[in-house]
Amino acid sequence: MDFEMSNRQKQIRLAAREFAEGELAAIGQECEIKESFPRDLIKKGSQLGFVGAFIKKENGGLGLGFLEHAIILEEFWRVDPGLGQVFSSLTFGAEELQFFASEEQKKKYLPALVKAERIMGFSITEPEAGSDTASASTSAVKDGEEYVINGNKVMITNGTIANFILVYCLTNPEEPSKSKRHSIILVETDRPGYKADQIHRKMGIRASDTANIYFNNVRVPKENLIGKEGNGFSQLMKFFDHSRSYVAAHGVGLAQGAMEQAINYVKKRKQFGKSIASFQATQFKIADMATLIETARSLVYKSCWNLDRGNIDSLLAAMAKWWACNVAVRVVDEALQMHGGYGYLEDYPIERFYRAAKILELYEGTREIDKMMIGRKILGVT
Ligand SMILES: Cc1cc2nc3c(=O)[nH]c(=O)nc-3n(C[C@H](O)[C@H](O)[C@H](O)COP(=O)(O)OP(=O)(O)OC[C@H]3O[C@@H](n4cnc5c(N)ncnc54)[C@H](O)[C@@H]3O)c2cc1C
């Protein structure tokens with residue numbers, strides 16, 4: 001075993017930290033308040049290699065691993081969760097293309113993502129099919145050389161700004177097995193019949209675009225199918241095994257950032273004639289936070305390290321996602337508590353971190369779905 005990071009990984013962390021502390025910190029609060037998407041920032045970030053670091057060299061990427069991708073996102077979320085989410089989601093679904101798209105499709109779509117010239121999204125959730133993805137009813141019906149898509153997806157990241165969206169569609173409704181009925185189809189958002197309504201005033205991560213999207217007889221060539229028809233569910237599960245691991249890194253970064261803010265605060269704040277850092281109750285809280293974060297980080301890195309060796313471990317990915325995201329929610333709660341009433345005001349970033357944290361237990365599989373997966377795997381039941 002070797003827990004040591006390589007020099008390259010250490011450099012990537014330092015570079016990501018420097019960029020986050022310089023560039024993300026400067027505009028994070030403004031983007032949150034104005035719900036504005038930072039186009040200039042993502043261009044700068046892409047030039048430094050912070051967009052889709054896991055995308056292979058032959059597809060225009062840096063060819064790094066999911067571990068490096070996770071380290072970058074951890075550093076971004078440490079400084080600003082909203083902008084961290086923006087960077088994470090620019091290539092959300094690119095794994096699906098990397099695993100299942102044809103060489104021609106990869107060349108067509110992936111390099112422009114890395115350069116932040118184009119943005120993508122991945123739409124799975126529907127009004128009546130959230131956690132139960134196998135019940136999705138957005139349909140794609142073959143008509144000659146095209147698919148005709150109809151339906152409605154909700155809460156889709158980048159819905160109004162993406163150039164193309166992967167759509168989880170029902171293509172084989174007659175299949176007896178629910179897990180063989182769906183396919184993943186790429187839809188360019190400038191096609192007639194695509195409509196997106198932006199969702200405003202989310203609880204947090206407001207710089208990140210979220211929308212309800214509608215497909216009204218959207219026609220795409222059959223070449224837009226990603227992977228195999230009827231394989232959508234298994235392709236989706238492979239995607240989640242990867243995305244859960246780096247989304248878990250969001251939780252590590254948010255928790256680390258929140259703890260650092262609490263440490264700075266308690267060292268400065270005096271009550272009863274003493275720094276509140278000198279109270280044992282405060283020290284115990286910091287001990288809990290630091291230990292929780294360390295366990296989450298170890299789990300997340302192990303899960304990413306495994307992926308980079310080609311070992312897909314659904315159990316470890318679900319554990320990492322559940323634990324790191326739960327740690328984030330717990331740590332940010334204590335960190336705000338340590339700010340007293342000031343933590344409740346916009347003046348301190350901890351308020352923004354607190355609002356951001358909850359999304360981590362909701363998207364990419366809710367806390368309950370993560371635990372369900374862990375329990376089922378361990379018990380060997382379906
Ligand atoms: C900001 C934001 C961005 C998002 N981005 C995207 C995106 O880009 N693409 C996309 O497809 N979706 C996206 N989503 C949607 C998100 O993935 C879903 O909200 C999530 O999967 C849960 O689905 P649901 O909201 O329908 O909840 P439901 O599935 O209705 O769940 C409601 C509650 O019931 C629990 N529950 C459900 N089933 C079970 C069960 N079997 N056992 C125990 N408990 C259960 C859940 O854990 C939850 O607590 C986004 C959501 C938000 C808020």
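Please give me the summed charge of the neighbours of L336: other residues whose Cβ is under 15 Å from its Cβ, Lys and Arg +1, Asp and Glu -1.
Charge balance in the 15 Å sphere: -1.
How large is log10 of I(q)/I(0) for the chain at q = 0.12, 0.13, 0.14 Å⁻¹ when the intensity is taken from the Debye formula with one equal scatterer per alpha-carbon?
Computed log10 I(q)/I(0) values: -0.90, -1.05, -1.21.
For region 367-377, just list the computed ³J(HN,Hα) in residue order, Karplus coefficients 6.51, -1.76 and 1.60, θ = phi - 60°, integers in Hz, with x standing in for Gly and Pro.
3, 5, 5, 4, 5, 4, 5, 4, x, 4, 4
By the gyration tensor of its Cα atoms, with a ≥ b ≥ c the square roots of the eigenvalues, what is the shape of region 53-98: rounded for a/c under 1.5, prolate for a/b over b/c, or oblate?
Verdict is prolate for region 53-98.
With charges only on Cβ, +1 for K and R and -1 for D and E, what is the dipole size of region 237-379 about its Cα centre, in debye, rounded to 20?
220 debye
Helix-derived [θ] at 222 nm for the chain: sum -39500 (n - 2.57) over DSSP H runs of at least 4, divide by residue count, nearest 500?
Computed mean residue ellipticity for the chain: -16000 deg cm²/dmol.
Going by the alpha-carbon gyration tensor, a ≥ b ≥ c the square roots of its eigenvalues, is region 120-233 rounded (a/c under 1.5) or, if a/c is not under 1.5, prolate (a/b greater than b/c) versus oblate?
Verdict is oblate for region 120-233.
³J(HN,Hα) across region 279-292 via Karplus (A = 6.51, B = -1.76, C = 1.60, θ = phi - 60°), whole Hz, x for Gly/Pro?
7, 4, 4, 5, 4, 5, 5, 5, 4, 4, 4, 4, 6, 4
In nm², what is the average projected area of the convex hull enclosing the Cα atoms of region 1-104? Before the final figure, lay out the partial values.
Details: hull surface 30.3 nm².
Computing the convex hull of the Cα atoms and averaging its projections yields 7.6 nm².
For region 280-344, which trypsin sites (Lys or Arg not before Pro) are both in a DSSP coil and crowded by at most 11 other Cβ atoms within 10 Å?
Passing both the DSSP loop test and the Cβ count: R309.
For every other residue with a beta carbon closer than 10 angstrom to the beta carbon of L62, add +1 if it is Lys or Arg and -1 if Asp or Glu, then tell me the sum. Walk me through the intermediate numbers first.
Working: positive: K56, K57; negative: E68.
Net local charge, L62 excluded: +1.
Pick out, in residue order, every one of the GluC sites (Glu not before Pro) in region 1-53 that is DSSP loop and has at most 14 other C-beta atoms within 10 Å; say none if there are none. Please list the in-between numbers first.
On the way: sites: E4, E18, E21, E23, E30, E32, E35; in loops: E4, E35.
Those satisfying the criteria are E4.
For a quick check, take a GNM of the chain with Cα springs below 10 Å and name the residue from P38, P176, P127 with the largest mean-square fluctuation.
P176
Under the Kirkwood approximation for Rh and a Cα-based Rg, what ratio Rg/Rh is obtained for region 118-175?
Result: Rg/Rh = 0.99.
Give the residue from I33, F76, Q47 lying farthest towards the positive end of the charge dipole for region 1-135; charges sit on Cβ (+1 for Lys and Arg, -1 for Asp and Glu) and the dipole is referred to the Cα centre.
Q47
Please work out the C-alpha center-to-center distance from region 281-323 to region 1-46 and express it in whole Å.
A separation of 21 Å, based on Cα centres.
Between region 171-219 and region 54-99, how far is it from one alpha carbon centroid to the other, in angstrom?
22 Å
Between A255, A281, A101, find the one with the highest GNM mean-square fluctuation for the chain; connect C-alpha pairs within less than 10 Å.
Of A255, A281, A101, the Gaussian network model singles out A281 as fluctuating most.
Just to confirm the filter: which trypsin sites (Lys or Arg not before Pro) across region 186-256 are DSSP coil and have at most 13 other Cβ within 10 angstrom of their Cβ?
Sparse-neighbourhood loop trypsin sites (Lys or Arg not before Pro): R201, K228.
Going from the alpha-carbon gyration tensor of region 237-382, what semi-axes, largest first and in whole Å, does one get by taking the root of 5 times each eigenvalue?
Values: eigenvalues 220, 40, 30 Å².
Value: 33, 14, 12 Å, ordered largest first.
Can you find, among Y265, S135, V218, the residue farthest towards the positive end of the dipole of the chain? Put +1 on the C-beta of Lys and Arg, -1 on that of Asp and Glu.
It is Y265.
Note the full-extension length gain between S36 and E368 as 0.36 nm times their separation in residues minus their Cα-Cα distance, in nm to one decimal. Show your work: numbers first, answer last.
Numbers: separation 332, 0.36 × 332 = 119.52 nm, distance 3.15 nm.
Result for the pair: 116.4 nm of gain on full extension.
Let's see if you can work this out: charge +1 on each Lys and Arg Cβ, -1 on each Asp and Glu Cβ, no other charges. What is the dipole magnitude of the chain about its Cα centre, in debye to the nearest 20?
Computed about the Cα centre, the dipole is about 620 debye.
In whole Hz, what ³J(HN,Hα) sequence does region 108-114 give by Karplus (6.51, -1.76, 1.60; θ = phi - 60°), x for Gly and Pro?
In residue order, the calculated couplings are 6, 10, 6, x, 5, 5, 4 Hz.
Kindly rank 267-279, 162-174 from highest to lowest mean number of other beta carbons found within 10 Å of each residue.
Ranking the peptides 267-279, 162-174 by packing returns 162-174, 267-279.
How charged is the neighbourhood of T282? Take every other residue with its Cβ under 13 Å from the Cβ of T282, and add Lys/Arg as +1 and Asp/Glu as -1.
+4
Where a number appears in this text, it was derived from the coordinates with a stated rule and is not lab data. Everything quoted here is computed from the prediction, not taken from an experiment. Glycine gets a Cβ as well: all are built from the backbone with ideal geometry, and neighbour counts include every protein chain shown.
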